[in-house]
Amino acid sequence: SIAMYLRAVPDGHWTLRNEPVVSATGFSYEWSLSGVNLGDWASYLHGKGQKIDFKGITIVRLKDGKIAYQANYYDTQALGRQAGW
(Lines give C-alpha, C1' and ligand atoms only; values in the text may rest on other atoms or scores of the structure.)
Protein backbone atom coordinates (compact mmCIF):
# COMPACT_ATOMS: atom_id res chain seq x y z
CA SER A 1 0.00 0.00 0.00
CA ILE A 2 1.02 3.62 -0.33
CA ALA A 3 1.02 4.07 3.47
CA MET A 4 3.36 1.10 3.88
CA TYR A 5 5.73 2.52 1.27
CA LEU A 6 5.74 5.96 2.90
CA ARG A 7 6.59 4.42 6.29
CA ALA A 8 9.35 2.26 4.81
CA VAL A 9 10.81 4.91 2.50
CA PRO A 10 10.07 8.30 4.10
CA ASP A 11 12.19 10.16 1.53
CA GLY A 12 10.44 8.32 -1.30
CA HIS A 13 10.15 9.96 -4.67
CA TRP A 14 7.39 8.99 -7.11
CA THR A 15 7.94 9.79 -10.80
CA LEU A 16 5.49 9.53 -13.67
CA ARG A 17 7.52 7.86 -16.43
CA ASN A 18 5.24 8.49 -19.45
CA GLU A 19 2.01 10.19 -20.35
CA PRO A 20 -1.01 8.29 -19.00
CA VAL A 21 -3.04 6.18 -21.43
CA VAL A 22 -6.66 7.30 -21.17
CA SER A 23 -9.89 5.79 -22.50
CA ALA A 24 -13.59 6.22 -21.81
CA THR A 25 -13.50 3.38 -19.26
CA GLY A 26 -10.22 4.03 -17.45
CA PHE A 27 -6.58 4.94 -17.58
CA SER A 28 -3.13 3.55 -16.86
CA TYR A 29 0.29 5.01 -16.24
CA GLU A 30 3.87 3.87 -15.71
CA TRP A 31 5.78 5.13 -12.69
CA SER A 32 8.94 4.65 -10.67
CA LEU A 33 9.59 4.87 -6.94
CA SER A 34 12.95 5.57 -5.38
CA GLY A 35 14.42 6.42 -2.00
CA VAL A 36 16.18 4.92 0.99
CA ASN A 37 14.53 1.94 2.70
CA LEU A 38 14.49 2.75 6.41
CA GLY A 39 11.37 0.91 7.62
CA ASP A 40 9.63 -2.45 7.38
CA TRP A 41 7.61 -3.36 4.29
CA ALA A 42 6.43 -6.59 5.83
CA SER A 43 7.57 -9.13 8.39
CA TYR A 44 10.19 -10.42 5.94
CA LEU A 45 11.64 -7.11 4.66
CA HIS A 46 13.32 -4.75 7.06
CA GLY A 47 14.82 -1.38 6.21
CA LYS A 48 18.58 -1.20 6.57
CA GLY A 49 19.30 1.97 4.63
CA GLN A 50 19.22 0.31 1.20
CA LYS A 51 18.70 2.56 -1.82
CA ILE A 52 15.79 1.38 -3.91
CA ASP A 53 14.55 2.35 -7.36
CA PHE A 54 11.92 0.25 -9.13
CA LYS A 55 9.28 0.62 -11.84
CA GLY A 56 5.61 -0.21 -11.97
CA ILE A 57 2.31 0.43 -13.66
CA THR A 58 -1.12 1.33 -12.34
CA ILE A 59 -4.35 0.36 -14.11
CA VAL A 60 -7.61 2.05 -13.19
CA ARG A 61 -11.11 1.22 -14.44
CA LEU A 62 -13.94 3.72 -14.08
CA LYS A 63 -17.67 3.19 -13.67
CA ASP A 64 -20.11 6.08 -13.44
CA GLY A 65 -17.18 8.50 -13.05
CA LYS A 66 -15.74 6.69 -10.02
CA ILE A 67 -12.86 4.29 -9.59
CA ALA A 68 -14.31 0.78 -9.80
CA TYR A 69 -10.99 -1.09 -9.94
CA GLN A 70 -7.34 -0.30 -9.38
CA ALA A 71 -4.31 -2.56 -9.70
CA ASN A 72 -0.64 -1.77 -9.19
CA TYR A 73 1.99 -4.00 -10.73
CA TYR A 74 5.67 -3.49 -10.02
CA ASP A 75 9.01 -5.16 -10.44
CA THR A 76 9.18 -7.22 -7.25
CA GLN A 77 12.42 -8.87 -8.36
CA ALA A 78 14.21 -5.51 -8.64
CA LEU A 79 12.76 -4.34 -5.32
CA GLY A 80 13.72 -7.60 -3.61
CA ARG A 81 17.25 -7.57 -4.98
CA GLN A 82 17.79 -3.94 -3.91
CA ALA A 83 16.20 -4.41 -0.49
CA GLY A 84 18.04 -7.63 0.28
CA TRP A 85 15.25 -10.25 0.19
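A compact table of results
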item: Filter result for LYS63 (among the basic types (Lys, Arg), at pLDDT 80 or above, in contact with a Ser or Thr (Cβ under 9 Å, 6 or more places away or on another chain) and under 16 Å from PRO10 (Cα atoms)); result: no
item: Residue that is surrounded by the most Cβ atoms within 10 Å (Cβ to Cβ), among those in the stretch 6-59 that are assigned to a loop (DSSP other than H, G, I, E, B) and among the aliphatic types (A, V, I, L, M); result: VAL9
item: Residue check for ALA83: touching a Leu at 6+ places or on another chain (Cβ under 8 Å) and modelled with pLDDT under 80; result: yes
item: Residue within the stretch 34-54 that is at positive phi and in contact with a Gly (Cβ under 7 Å, 6 or more places away or on another chain) present; result: yes
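The values are calculated or read from the model by the stated rules, or taken from the named source; none is laboratory data. This is a predicted model, so every value here is computed, not measured. Cβ sites come from the backbone with ideal geometry, for glycine too, and all protein chains shown count toward neighbours.
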